[in-house]
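Enquirer: So that we are looking at the same thing, I have put the structure below in structure tokens.
The values are calculated or read from the model by the stated rules, or taken from the named source; none is laboratory data. Owing to the predicted nature of the structure, the values given are computational and were not obtained by experimental measurement. All Cβ positions, glycine included, derive from the backbone under ideal geometry; neighbour counts span all protein chains shown.
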Amino acid sequence: MPKAKLDAAFVAAAQCQPGKSKTDWYDQIVTGFVLECRSSGGKTYYLRYQNQSGTQRQYKIGGAQDVAFATAKKKAIQLRSEVVMGGDPCGGKAQAKAIPLYSELAEMHLDYAKDLKSHSTMEMYVRRHILPKWGKTRLTDINSRSVAQWLSEKGARGLAPASVEKIRVIFGRSFELGLRWDIPGCERNPTRGLPRKPLNNARERFLSAEEAARLRAAVAESHNPQLQHIVGLLLLTGARVRELLDAKWEHIDTERKAWFIPTSKTGKSRHVPLSGAALEVIATIPRFKGCPWLVPNPDTLKPFVSIKHGWQRAIRVARLPGLRIHDLRHSAASFMVNNGVDLFAVGKVLGHASYQSTQRYSHLANDTLLKAVEAGAAKQAVA
């Protein structure tokens, strides 16, 4: 274990001893300060020490070609002082390496959510928006300020406010789950407390009875023979389109006039009542031998992935530009509300998780409310 008084001149002239692959030159002044000289010509500064448990450790300060000698010696003195005070310089490095990258947390998050209906959408947001920015970042290096700036830039580049909010929610959910699983680095959620812009991009459209009739006529002539059944049932039940496309014959109970939906957007199962008109539509749906699905793609006998093309053609024929398939759910609710059905019952039919979700239809009940106040006035004989 050769020793020397390390200084800039010595470092410049130091060589690996002949016949060896490397030689360690220990400083005579700073205990554990080492210059490693390799036969290849490379030179590196280290501090070698024993931690509190007696384990030999080595802290790499840097290459002699990258770090000036005075800087390396100053760092060695600082590290040696930490050791003398009971610290472990390498312990901090090991702890830092134990903090996962966000990509690792995201993988756990997506695996946890794999059975949710929203998994494919969540995976898209993570892959397209979150991982490119934060995938290779350790969790402790992600802070609220940088996340706020990143989300602001997303909005400035034209991403819809609802999409930006979706990214924030998914990103924050990762940290919530990480905290529940005791993942190091998840103690602070960088999305918590961030200001959220109001979402003014909600679109709600309600078909009139005449418009609904035009739509039914258009889908009856569609190249997709199942579209008339799909649209008819969506208007009569208020179900979500994915719930209907994934429905099975075994879930339809014509005697009890009910349709069982085992899983939904809220994560809960529910029963949807079937009106006489809905049962009439179901009675006209063709059955395919060995196929369990209620309205499958006739070509594949599997659930439709999308009905976009048939839908776009139908709304052109029906002269209903911009109508979304989800607007049929709103329309079903509006028909019920405007015929005197109370909001609580409408919410139960639609499978809303909270009464607040149904409140959006409260303004549609104006005719019903007017009848109520008129009845009250008549009872009091007010002219």
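Enquirer: Based on what the data block shows, is T121 among the β-branched types (V, I, T) and within 14 Å of the chain's Cα centre (by Cα)?
Expert: Criteria met by T121.
Enquirer: Oh, and also: Name the pairs whose Cβ atoms lie under 6 Å apart, with the first residue in the range 163-189 and under 15 Å from N143 (Cα atoms), the second polar (S, T, N, Q), and 6 or more positions between them or separate chains?
Expert: Correct list of pairs: R168/T191; F171/T191; G172/N189; G172/T191; F175/N189; G185/T140.
Enquirer: For Q58, indicate whether it is part of a strand (DSSP E or B) and surrounded by fewer than 18 Cβ atoms within 10 Å (Cβ to Cβ).
Expert: On the way: part of a strand (DSSP E or B): yes; surrounded by fewer than 18 Cβ atoms within 10 Å (Cβ to Cβ): yes.
In short, yes.
Enquirer: Select the helices (runs of 4 or more DSSP H) contained entirely in the range 289-353, then report the ones holding at least 3 residues which are in contact (Cβ under 8 Å) with a residue 12 or more places away in the chain and within 17 Å of H229 (Cβ to Cβ).
Expert: Values: elements: 308-317, 327-337, 343-350.
Answer list for the range 289-353: 308-317, 327-337.
Enquirer: Just a yes or no: is a residue in the range 25-34 without any contact (Cβ under 8 Å) to a residue 12 or more places away in the chain and either crowded, with 17+ Cβ neighbours inside 10 Å or under 49 Å from the mean Cα position of the chain (by Cα) (or both)?
Expert: At the first step, the residues of the range 25-34 found to be without any contact (Cβ under 8 Å) to a residue 12 or more places away in the chain are none.
There is no residue in the range 25-34 that is without any contact (Cβ under 8 Å) to a residue 12 or more places away in the chain and either crowded, with 17+ Cβ neighbours inside 10 Å or under 49 Å from the mean Cα position of the chain (by Cα) (or both).
Enquirer: If you check V272, V305, V317, which single one turns out to be among the hydrophobic types (A, V, I, L, M, F, W, C) and over 30 Å from A113 (Cβ atoms)?
Expert: Working: V272 fails: over 30 Å from A113 (Cβ atoms); V305 fails: over 30 Å from A113 (Cβ atoms).
When all the criteria are applied, what remains is V317.
Enquirer: On to the next question. Can you say whether G232 is within 18 Å of L323 (Cα to Cα) and not charged (D, E, K, R), as far as the supplied structure shows? Step through it out loud before you land on a result.
Expert: Details: within 18 Å of L323 (Cα to Cα): yes; not charged (D, E, K, R): yes.
Yes: the conditions hold for G232.
Enquirer: Can you go through V305, V317, V272 and tell me which one is surrounded by 19 or more Cβ atoms within 10 Å (Cβ to Cβ) and either of a type in the set (A, V, I, L, M, F, W, C) or modelled with pLDDT under 85 (or both)? Quick ask: steps written out before the conclusion?
Expert: Numbers: V305 fails: surrounded by 19 or more Cβ atoms within 10 Å (Cβ to Cβ); V317 fails: surrounded by 19 or more Cβ atoms within 10 Å (Cβ to Cβ).
The unique qualifying residue is V272.
Enquirer: While we're here: Keeping to the range 35-47, report how many residues are surrounded by 13 or more Cβ atoms within 10 Å (Cβ to Cβ), in a loop (DSSP other than H, G, I, E, B) and within 52 Å of the chain's Cα centre (by Cα). Let's see the steps before the verdict.
Expert: Our first condition is that a residue be surrounded by 13 or more Cβ atoms within 10 Å (Cβ to Cβ); within the range 35-47, this holds for 35-39, 42-47.
Then drop every residue that is not in a loop (DSSP other than H, G, I, E, B), which leaves 39, 42.
Narrowing the set further to residues that are within 52 Å of the chain's Cα centre (by Cα) leaves 42.
Looking only at that region, the number is 1.
Enquirer: Could you identify the single residue in R180, R173 that is at pLDDT 90 or above and farther than 29 Å from R242 by Cα?
Expert: On the way: R173 fails: farther than 29 Å from R242 by Cα.
From the options R180, R173, the qualifying one is R180.
Enquirer: Quick test for you: out of S144, S174, S163, pick the one residue that is over 22 Å from A98 (Cα atoms) and of a type in the set (S, T, Y).
Expert: After ruling out the rest, the residue left standing is S163.
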